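Beneath this line is the structure, given in structure tokens, with notes to follow.
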Amino acid sequence: MDPYLIKFMEKYTDFSKAELPEIIADMVVVSYQKGTILLRQGEISSKCYLVLNGCIRQYRYGEDGKEVTNNFFTEEQSVTMFKSYKLRRPSDYSLSCVEDTTVLIGDMASEEEMYNKFPALQNITRSMLELSFGETQDASARFIAETPEERYRSLAEQRPGLINRVPQHQLASYLGITPESLSRIKKRLSQDSNC
């Protein structure tokens, strides 16, 4: 049994020690190498993921061909391109592993089967989605209202480990700035903290 999955299940569920092995036995856990593309923009998503360990980047290519990073998903975060997954439409985004990544994989058929077999999983999934939706709303509102430096500070406060886990050009894209601007912000903040 995957240690990351066991840790996650024990943290977020109240299944008994007897139930956990049965539930976990039906779950699909896969490890991917850094750089693995899980979904390409334009494909129809057939899977959803829960990051147990590692980091997945969501990005897209604009009409100008420029790559724009929209999000990073790390431990205990779910990754689903809902419009594509649920409505069977081409995805607006690509997903790739920024690091070696271990995920719990779901698809519609196995999802329904698991919910029927273990109804409490549906409540856990709903709670996680509600939490994720709220966090996304807050992050989006902050992003619009903040300056680039404030965005960086917020990210450093909210997700401090992420700054050192992802390539700086992807981080800059996520913050909506150039890599050069990110370097200047980091330098200025470093100098301010040394005063």
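Okay, here's what the table says:
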| read-out | value |
| --- | --- |
| Scope region 42-66; condition more than 21 Å from THR136 (Cα to Cα) and in contact with a Phe, Trp or Tyr (Cβ under 9 Å, 6 or more places away or on another chain); matching residues | ILE44, SER46 |
| Residues of region 55-72 that turn out to be within 12 Å of the chain's Cα centre (by Cα) and surrounded by fewer than 17 Cβ atoms within 10 Å (Cβ to Cβ), as a count | 2 |
| Hey, TYR85 in the same structural domain as SER110 (by TED's automatic domain parsing), closer than 20 Å to THR125 by Cα and over 13 Å from the mean Cα position of the chain (by Cα) or not | yes |
| Region 16-69, residues that are within 21 Å of SER132 (Cβ to Cβ) and among the small types (Gly, Ala, Ser) | SER45, SER46, GLY54 |
| Breaking point among (1) exposed (fewer than 13 other Cβ atoms within 10 Å of the Cβ); (2) polar (S, T, N, Q); (3) closer than 24 Å to ALA172 by Cα, for SER91 | (1) |
| Which listed residue, of GLU75, GLU99, GLU113, is crowded, with 16+ Cβ neighbours inside 10 Å, charged (D, E, K, R) and more than 11 Å from the chain's Cα centre (by Cα) | GLU99 |
| Of residues in region 17-49 being among the basic types (Lys, Arg) and in contact (Cβ under 8 Å) with a residue 24 or more places away in the chain, the one nearest to TYR93 (Cα to Cα) | ARG40 |
| One residue from ILE163, ILE144, ILE124 being of a type in the set (Val, Ile, Thr) and touching a residue at least 12 places away in the same chain (Cβ under 8 Å) | ILE124 |
| Checking LEU52 against (1) touching a residue at least 12 places away in the same chain (Cβ under 8 Å); (2) over 15 Å from the mean Cα position of the chain (by Cα), the condition it does not meet | (2) |
| SER154 being in a helix (DSSP H, G or I), modelled with pLDDT of 85 or more and touching a strand residue (DSSP E or B) at 6+ places or on another chain (Cβ under 9 Å) | no |
| Selection count where residues are exposed (fewer than 14 other Cβ atoms within 10 Å of the Cβ) and outside any loop (DSSP other than H, G, I, E, B), scope region 164-178 | 3 |
| Residue identified as in contact with a helix residue (DSSP H, G or I) (Cβ under 7 Å, 6 or more places away or on another chain) and at pLDDT below 90 among LEU182, LEU121, LEU129 | LEU121 |
| Considering residues of region 35-54 that are touching an Asp or Glu at 6+ places or on another chain (Cβ under 8 Å) and polar (S, T, N, Q) only, the residue surrounded by the fewest Cβ atoms within 10 Å (Cβ to Cβ) | SER46 |
| Exclusive hit being outside the structural domain of THR178 (by TED's automatic domain parsing) and not in a loop (DSSP other than H, G, I, E, B), set GLU130, GLU99, GLU63, GLU76 | GLU130 |
| Matching entry among LYS34, LYS83, LYS47 (being within 19 Å of GLY161 (Cβ to Cβ) and either in contact with a helix residue (DSSP H, G or I) (Cβ under 6 Å, 6 or more places away or on another chain) or of a type in the set (Lys, Arg) (or both)) | LYS34 |
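The values are calculated or read from the model by the stated rules, or taken from the named source; none is laboratory data. Since this is a predicted model, take the numbers as computed values, not measurements. Note that each Cβ is placed from the backbone with ideal geometry, even for glycine, and that neighbours are counted across all protein chains shown.
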